[in-house]
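Input: a single structure, listed below in structure tokens.
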Amino acid sequence: MTDLPLPVEALIVVDVQSAFVTGSGAVPDAARLVDRTTDLIARARKSGALVVHLQNDGPAGAEDEPHTPGWELHHPVEAGPREIVIRKPQDDGFARTSLRSLLTDAGVKSLAVCGVMSEMCVQATARTALALGYRVVLPHDAHATQDIPAAPGISEAIPAATVSRVAEWALGSDAEVTAHASDVHFTPGSVIALP
């Protein structure tokens with residue numbers, strides 16, 4: 001864990017979609033996650049940092065199947081040159097999307113990652129960001145996941161909080177894990193032109 005990370009130029013909000021934060025499919029303590037991501041988005045906007053909402057396109061029949069209620073982003077988007085939605089077809093927000101070129105065009109060198117699911121889309125996106133040379137800050141209280149059910153002969157059920165912590169740990173020492181979303185600070189990046 002890091003104490004006070006340096007400011008970042010972008011916020012990546014991973015899959016904060018209705019299916020994952022409302023109703024019976026919501027992650028445990030979804031209200032806390034929504035509170036923290038709401039605060040991060042508001043502060044990133046105020047500072048002029050780039051805000052990128054990643055939106056997962058799940059397969060047919062999934063909770064996040066495109067154009068179903070569960071697929072919708074939970075947070076309202078203020079679309080413009082500093083706030084953009086990128087749909088993604090798999091866990092990694094960089095895979096088969098324009099995220100890397102968007103960050104390059106905006107001159108971003110550092111970013112914070114928040115959202116769901118900790119060990120899947122959040123970790124995959126943060127891992128690729130690190131591999132591409134970005135400075136990555138991961139606020140512990142601003143990402144979440146589901147409990148892992150028991151697997152007979154393998155393990156008991158694993159609580160979501162443990163899964164989230166292991167996901168952070170697995171990123172290694174290059175990721176800057178901070179205890180609280182409130183510890184993340186933002187700095188403005190370059191203005192980009194939308195296509």
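The values are calculated or read from the model by the stated rules, or taken from the named source; none is laboratory data. None of these values were measured; they are calculated from a predicted model. All Cβ positions, even for glycine, are placed from backbone atoms using ideal geometry, and neighbour counts span all protein chains on display. The area values use the complete protein model at the heavy-atom level, side chains included, leaving out ligands, DNA and RNA. Shrake-Rupley method; radii C 1.70, N 1.55, O 1.52, S 1.80 Å.
Tabulated data
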item	result
Test result for residue 123, open to solvent by 30 Å² or more (accessible area, probe 1.4 Å) and either part of a loop (DSSP other than H, G, I, E, B) or touching a residue at least 60 places away in the same chain (Cβ under 8 Å) (or both)	no
Any hit, segment 99-115, residues being free of Cβ contacts under 8 Å to residues at least 12 places away in the same chain, out of contact with any His (no Cβ under 8 Å at 6 or more places or on another chain) and at positive phi	no
Any pair with Cβ under 8 angstrom, 6 or more apart, that starts in segment 47-70 at a residue that is closer than 20 Å to residue 93 by Cβ and open to solvent by less than 40 Å² (accessible area, probe 1.4 Å) and ends at one that is polar (S, T, N, Q) and outside any loop (DSSP other than H, G, I, E, B)	54/125; 55/17; 56/17; 64/17; 64/56; 70/17; 70/18
Hits in segment 128-180 - residues which are outside any loop (DSSP other than H, G, I, E, B) and in contact with a Gly (Cβ under 9 Å, 6 or more places away or on another chain)	128, 129, 130, 142, 143, 144
Residue in segment 77-96 that is of a type outside the set (Gly, Ala, Ser) and in a helix (DSSP H, G or I) present	no
Options 163, 184; residue that is open to solvent by less than 60 Å² (accessible area, probe 1.4 Å), of a type in the set (A, V, I, L, M) and more than 14 Å from residue 27 (Cβ to Cβ)	184
Residue in segment 109-120 that is surrounded by 17 or more Cβ atoms within 10 Å (Cβ to Cβ), of a type in the set (Ser, Thr, Tyr) and in contact with a helix residue (DSSP H, G or I) (Cβ under 6 Å, 6 or more places away or on another chain) present	yes
Meets criteria (under 15 Å from the mean Cα position of the chain (by Cα), open to solvent by 20 Å² or more (accessible area, probe 1.4 Å) and modelled with pLDDT of 95 or more) for residue 43	no
Segment 1-28 - residue that is within 16 Å of the chain's Cα centre (by Cα) and surrounded by fewer than 24 Cβ atoms within 10 Å (Cβ to Cβ) and, of those, nearest to residue 140 (Cα to Cα)	27
Flag if residue 175 is open to solvent by less than 60 Å² (accessible area, probe 1.4 Å) and at pLDDT 95 or above	yes
Residue within segment 109-122 that is over 21 Å from residue 24 (Cα atoms) and over 12 Å from the mean Cα position of the chain (by Cα) present	yes
Index of the failed condition, residue 145 passing every other in (1) more than 26 Å from residue 45 (Cα to Cα); (2) touching a residue at least 60 places away in the same chain (Cβ under 8 Å)	(1)
Scan of segment 76-94 for residues that are open to solvent by less than 20 Å² (accessible area, probe 1.4 Å), more than 12 Å from residue 12 (Cα to Cα) and at pLDDT 95 or above, ordered by number	88
